[in-house]
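The values are calculated or read from the model by the stated rules, or taken from the named source; none is laboratory data. Predicted, not measured: the structure shown is a model, and the values here were computed from it. Counting neighbours? That spans all protein chains shown, and the Cβs are built from the backbone with ideal geometry, glycine included. Each accessible area value is taken on the protein alone, full model and side chains, heavy atoms only, with ligands, DNA and RNA left out. Shrake-Rupley method; radii C 1.70, N 1.55, O 1.52, S 1.80 Å.
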Amino acid sequence: GNSVTQMEGPVTLSEEAFLTINCTYTATGYPSLFWYVQYPGEGLQLLLKATKADDKGSNKGFEATYRKETTSFHLEKGSVQVSDSAVYFCALSDNSGGGADGLTFGKGTHLIIQP
Amino acid sequence: GAGVSQSPSNKVTEKGKDVELRCDPISGHTALYWYRQRLGQGLEFLIYFQGNSAPDKSGLPSDRFSAERTGESVSTLTIQRTQQEDSAVYLCASSSRETWGSTLHFGNGTRLTVT
């Protein structure tokens, strides 16, 4: 079956540090890949996505590149801010047309940015 | 515009009681999803509605769980005879399903605590 594995947190960084949150996946076919973010007290919201190999999703200074050869979709940001503190979820959709589009989420990574 | 609304935001109930959780999706979104997030775990898929029908109920953990949707709008998730292991955040999401790699729009969740 499909699965998403992401690094466990919490991840604690200082402001302006470089961020990488690793995400790898197992899926049949050609999934779409997503990063969702959950800020404190808010619901999950889409951060970025990529729908085919070598695509790069980007938003709010975050980037992730769909690497089919390594089945990865690592999230990166060059200089984090305190406001980036949140829980980040990597997810995939196997586009199978089945229940819930075959959406599978990782466990989430809690990111804490210290001033 | 209005996002996905869930109520109540917090619910504390005694073991054995029934609870009903409500979700108001974004207007016009035909697809509606329920997920459960236990402490330290990823998002666990429960059920998916397309319109008012639920083609995929595979994620419901037991027959104590049921869900319905009416008018292609509001959905309720009912848990009967609650158990302590039901304690979790219950998240609702909706999407328009216009394209592959559907973007889900999440509510803020209902935090259920069974004592």
Mean accessible surface per residue for segment A:1-101, computed with a 1.4 Å probe while every protein chain stays in place, in Å²:
45 Å²
Lysine-lysine proximity count for the protein assembly as shown, Cα under 18 Å, sequence distance 8 or more or distinct chains
8
Below 15 angstrom from the Cβ of A:Gln114, what's the summed charge of the other residues (Lys, Arg +1; Asp, Glu -1)?
-3
Chains A and B: buried accessible surface, both sides, probe 1.4 Å, rounded to 100 Å²?
1700 Å²
Please report the net charge: other residues with Cβ closer than 15 Å to the Cβ of A:Arg67, K and R +1, D and E -1.
-1
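Which longest run of chain B has no exposed loop site in it, a site being trypsin sites (Lys or Arg not before Pro) in a DSSP loop with at most 15 other beta carbons within 10 Å, and the site itself not part of the run? Please list the in-between numbers first.
Working: sites that count: B:Lys15, B:Lys17, B:Arg38, B:Lys57, B:Arg64, B:Arg81, B:Arg97.
With a cap of 15 other Cβ atoms within 10 Å, the longest stretch comes to B:18-37.
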With charges set only on the Cβ (+1 for Lys and Arg, -1 for Asp and Glu), what does the dipole of the protein assembly as shown come to about its Cα centre, in debye to the nearest 20?
280 debye
Here the net charge surrounding B:Leu46, from other residues whose Cβ is less than 9 Å away from its Cβ (Lys, Arg +1; Asp, Glu -1), is +1
At 1.4 Å probe size, put B:Phe106, A:Phe18 in order of accessible surface, largest to smallest.
A:Phe18, B:Phe106
Would you work out the relative contact order for chain A, in percent, from Cα pairs under 8 angstrom that are 6 or more residues apart?
36 percent
Label model pair A:Asp55, B:Ala2: point-to-point distance (7 angstrom along the Cα→beta-carbon line) in nm is 3.1 nm
If you average the alpha carbon positions of segment B:32-93 and of segment A:19-36, how far apart do those two centres end up, in angstrom?
24 Å
So which GluC sites (Glu not before Pro) in segment B:1-108 are both in a DSSP loop and have at most 13 other Cβ atoms within 10 Å of their Cβ?
B:Glu14, B:Glu98
